[in-house]
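Some notes on the structure that comes next.
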Amino acid sequence: MTDQLNLPFAKDSTADDVIAGVNLTGKRAIITGASSGLGAETARALASAGAEVTLAVRDLDAGRRVAADITAKTGNLAVHVGTLDLDDRACIDAFAAAWQGPLHILVNNAGIMALPELTRTPQGWEQQFATNHLGHFALTTGLHDALAAAGGARIVVVSSATHHASGIVFDDIHYDHRPYDPWQAYGQSKTANILFALEAARRWAGDKIAVNAIEPGAIYDTGLLRHVEITPEFQQVVDATPWKTVEQGAATQTLLAASPLLEGVTGGYFADSNVIERSETNPRGLAPHAADPEAARRLWELSQSWLDAR
């Protein structure tokens, strides 16, 4: 289905470009990590089209400031804030249980990147995998009934081109035995995001829930870099990278969340507001290890078993 798409957008398209003319009145959306960066811009874009938007954030005060700014810019009074800590299962469960009525759009945007030292959750899980994948897995499965009730819901899972750095190392996901590497661990968590989207698309097709993964591109002005050690080598990468603005970076997830051009499209991987195909050599393509249906199934079952055993 995705190979037949011919979308009129490019890498410099903005969230406003892809949502122009779209009417989301009556639609309800949740965006995780929406107190800054791409999440805040995606929330603003959806609110500008008339959606009722909930910012799911750890810092309520920051979320409230962003919500007030969105209302001031868009005139949309239906911008809400909810507490969501993806490291806290009780908080995730409470957020999902408190949701009433259908949910039309869920954007799994929050994430952490390249923690310099191996950090574990109380369960012993590697922190990036736990936050970026397991937290969103618990949230999304917890909201399944609300998504199914929407009759055509969309889930957008924010991944990264860094998924090329690692497949899922099923024998040692949490670095119990192998040396820890910040970027490899981040890459594994981003592969997990794509595999989750692939398996959710398969499992929930009968519920008319479309699930797609996206790569926003390189955006410097976000909180995602807060844990990264800025070494001279990394600074060279920074200087050589063609960075996007936040408005451009939020375009692809806004497109998948809202555009009628993507109606019925599920199980795809997108970047630069276009579908991206599998490639072993293109670092911006979809790595084969992130398109493996057996790995997707295995990861889903393993993730569910870990969460059930908490």
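The values are calculated or read from the model by the stated rules, or taken from the named source; none is laboratory data. All values derive from a computational prediction rather than experimental measurement. Cβ placement follows ideal geometry from the backbone for every residue including glycine, while neighbour counts extend to all protein chains displayed. Ligands, DNA and RNA are excluded from the accessible area calculation, which covers all protein heavy atoms including side chains. Shrake-Rupley method; radii C 1.70, N 1.55, O 1.52, S 1.80 Å.
Provide the convex hull volume over Cα atoms per residue for the range 10-168, in Å³. Before the final figure, lay out each step's value.
Values: hull volume 21.8 nm³, N = 159.
Once divided by residue count, the hull of the range 10-168 is 137 Å³.
Only Lys, Arg, Asp and Glu count, each charged at its Cβ (+1, +1, -1, -1), so figure out the dipole size of the chain about its Cα centre, rounded to 20 debye.
Values: 23 positive and 36 negative charges, 147 e Å.
The calculated dipole for the chain is roughly 700 debye.
Tell me the label-point distance for the pair K11, T25, using the 7 Å Cα-to-Cβ offset, in nm and rounded to one decimal.
Reported label-point gap for K11 and T25 is 3.9 nm.
Just grab the label-to-label distance for D172 and W243, each label 7 Å out from Cα along the Cβ direction, in nm (one decimal).
Result: 3.6 nm between the two label points.
Return the Rg/Rh value of the chain, two decimal places, where both radii are evaluated on C-alpha atoms and Rh is the Kirkwood radius. If you can, show how the numbers build up before the last one.
Numbers: Rg = 17.9 Å, Rh = 19.2 Å.
Using only Cα positions, Rg/Rh for the chain is 0.93.
If you build a Gaussian network model of the chain, linking Cα atoms that sit under 10 Å apart, which residue out of D85, D59, D171 swings the most?
Result: D171 has the largest fluctuation of those listed.
Which value, to two decimals, describes the C-alpha radius of gyration of the range 41-90 once divided by 2.2 N^0.38 Å? Mind showing how you got there, number by number?
Working: Rg = 11.1 Å, N = 50, 2.2 N^0.38 = 9.7 Å.
Taking N as the residue count of the range 41-90, the ratio is 1.14.
Keeping all protein chains in place, calculate the accessible area per residue for the chain (probe 1.4 angstrom), answer in Å².
Details: 13200 Å² over 310 residues.
Accessible surface, normalised per residue, equals 43 Å².
Based on the alpha-carbon gyration tensor of the range 85-188 and its eigenvalue square roots a ≥ b ≥ c, which shape applies: rounded if a/c is under 1.5, prolate if not and a/b is larger than b/c, or oblate? Let's see the in-between values first.
Numbers: a/c = 2.79, a/b = 1.86, b/c = 1.50.
Judged from the Cα gyration tensor, the range 85-188 comes out prolate (a/c at least 1.5, a/b above b/c).
Please find the FRET efficiency linking A97 to R284, where r is the Cβ-Cβ separation and R0 is fixed at 51 Å, and quote it to the nearest 0.05.
Working: r = 39 Å, r/R0 = 0.76.
That pair, A97 with R284, gives E of 0.85.
Once you sort the root eigenvalues of the Cα gyration tensor of the range 85-124 as a ≥ b ≥ c, which label holds: rounded (a/c under 1.5), prolate (a/b larger than b/c) or oblate (the other case)?
Working: a/c = 5.41, a/b = 1.80, b/c = 3.00.
Note, shape of the range 85-124 comes out oblate.
Sorting check: for 210-217, 123-130, 46-53, which peptide has the highest mean count of neighbouring beta carbons within 10 Å, and how do the rest follow? Spell out each step's value before the answer.
Working: 210-217: 26.9, 123-130: 19.6, 46-53: 24.6.
Averaged packing, sorted descending, gives the order 210-217, 46-53, 123-130.
Compute the distance in nm between two label points, each set 7 Å from the Cα along the Cα-to-Cβ direction, one at R65 and one at Q123.
Inter-label distance under the simple model: 3.2 nm.
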